[in-house]
Amino acid sequence: MKFLLSSIALLSAGASAFSINNNNNNNGASAQQLTHRTSTALAASGGRMPVRPIGIGSAAPQTLITNLDLESVHDTSDEWIRSRTGIQERRVLVHEGTRSVVRAGEDGGGAEDAEIPESLRTLGIEAASNALKMSGVDAGDIDLVICATSSPDDLFGDAPSIAHAVGCDSSKVVAFDLTAACSGFLFGIVTASQFLSNGGVGGAKNALVIGADALTRWVDWEDRNSCILFGDGAGAMVLSSEGNGDDSSDGDDSDDGFGILGYAMHSNGGGYKDLKCIYRGEPKKISTPGEGTIVHDGSYDLMTMNGRKVYSFATREVPNVLQEALDQAGMSVDQVDHLLLHQ
């Protein structure tokens, strides 16, 4: 058996986990009575959905900052950082140089090679294109695109422009951004899977989920304890509900045990003060009649984090949410072959 259990957690955004089977032995995927629950305030969980990942892709910025580089910035060392975080280097989006991507023509025509300044959007395009290539699904057959991000290039959302760039059919695709910080990609996978399972978006069959962030934009590089933790990049996954046997007309259940077997999602806004990146408007007076009106130009403060509180939350809640996802999948820990944790 080959089971993948994935989990990510963040204090103010929540915690989530799901399990995937990529072997033909399901060993039971029915939901069981849950004996493990996290203590977060809001929760959603469920068992098997007839959806499977069929392609993945990724992209990372060209600029690299190693632990050795940071030794010249802070009183720290490569050994200190690696022993506490496991991190040796991080990629940073600095918006210099260009990336070669394949994108749809501006008039909606055929794909073309283009050199585009490196940005979060271009990383998303590259990751999405790689996932589509691996899946073998044509971009025109994608029904839903979700971009999970807390640091979009476009405040109105990057998903629609990424969908257009990779060649999705604008006459039928639905595209939107989803913000759930570090849990965003898993929240996006569960959201897309719900659409595909329920036959939403006009009978959707294929979805493209992108996770992309450039959190170093909001990192306080003067804070040794937090600046070592963050990097930038994008990942993508193509999900499909086709070939799972649910719509078989001859009564033959062709279910092969692949797909998402269970998930658990939680949120607790009580941790708001311990990890945040807050709006900060710059006052500006406009000359309306009388004394004028003070409006604000939009901006954000740098990210602040109480590392001890976040660490305590993660080490307490992540094991619980992992077990909850396993319970939903009807699985035990010893059936898991691979465990992927957001650090």
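The values are calculated or read from the model by the stated rules, or taken from the named source; none is laboratory data. Because the structure is a prediction, the values reported are computed rather than measured. Please note: Cβ atoms are built from the backbone with ideal geometry, for glycine as well, and neighbour counts cover all protein chains shown. Accessible surface is based on the protein model in full, side chains and every heavy atom, while ligands, DNA and RNA are left aside. Shrake-Rupley method; radii C 1.70, N 1.55, O 1.52, S 1.80 Å.
In what order, largest first, do 85, 149 sit by accessible area if the probe radius is 1.4 Å? Intermediate results must be reported in sequence, preceding the final value.
Working: 85 40, 149 5 Å².
The ordering from most to least exposed comes out as 85, 149.
By accessible area of protein heavy atoms, probe 1.4 Å, what ranking do 71, 222, 317 get, highest first?
Numbers: 71 75, 222 155, 317 5 Å².
Largest accessible area first, the residues go 222, 71, 317.
Need one value: the accessible area of residue 263 in square angstrom, 1.4 angstrom probe, rounded to the nearest 10.
Ignoring ligands and nucleic acids, residue 263 comes out at about 20 Å².
Any chance you could check the Cα centroid distance between the range 73-93 and the range 207-235 for me, in angstrom?
14 Å
What's the center-to-center distance, using Cα atoms, between the range 118-137 and the range 255-315 in Å?
Taking the Cα centre of the range 255-315 as reference, the centre of the range 118-137 is 26 Å away.
Per residue, how much accessible area does the range 140-205 have with a 1.4 Å probe, in Å²? It would help to have the intermediate numbers written out before the result.
Numbers: 2480 Å² over 66 residues.
Accessible surface, normalised per residue, equals 38 Å².
Provide the solvent-accessible area of residue 82, counting protein heavy atoms only and rolling a 1.4 Å probe, rounded to the nearest 10 Å².
We get 100 Å² for residue 82.
Roughly how many percent of the accessible protein surface of the range 147-187 is carbon and sulfur, given a 1.4 Å probe and a whole-percent answer?
Working: 1020 of 1710 Å².
So the carbon and sulfur contribution to the accessible surface is 60 percent.
Out of the trypsin sites (Lys or Arg not before Pro) in the range 278-335, which ones are loop residues according to DSSP with at most 12 other C-beta atoms within 10 Å?
On the way: sites: 280, 284, 285, 308, 309, 316; in loops: 280.
For trypsin sites (Lys or Arg not before Pro) across the range 278-335 that sit outside H, G, I, E and B with at most 12 neighbouring Cβ atoms in 10 Å, the list reads 280.
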